[in-house]
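So the structure is just underneath, and the comments pick up after that.
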Amino acid sequence: MSEIFLGKARHWLLFVVVAVCFFLTGIYHLHVSQFNIFVGITMALAVLLVFSVILDYRPGDRVTREDLPESDGD
């Protein structure tokens, strides 16, 4: 399974949490009735995800299936 789902399990768990949050905001029509709250939730989740991935990344972690070519420093 690690060849299919690259990345850490907690990142995938955060993805599921965000999907559930978006599902719930859709059920309650927040994007129509309470747009400012919806945008606040969306921005907060985006910031949470970005910072959790950035702070959790360690050099040497595998993030792609193929190796990235080394740059020549041009």
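The values are calculated or read from the model by the stated rules, or taken from the named source; none is laboratory data. What you see is a predicted model, and the numbers here were worked out from it, not measured in a lab. SASA here: full protein model, heavy atoms, side chains in, ligands and nucleic acids out. Shrake-Rupley method; radii C 1.70, N 1.55, O 1.52, S 1.80 Å.
Before moving on, here are some points about what is shown:
- The largest accessible area among Thr25, Thr42 belongs to the first residue in Thr42, Thr25, and the rest follow in falling order (1.4 Å probe, all chains).
- Accessible heavy-atom area order of Leu45, Leu14, Leu24, highest first, probe of 1.4 Å: Leu24, Leu14, Leu45
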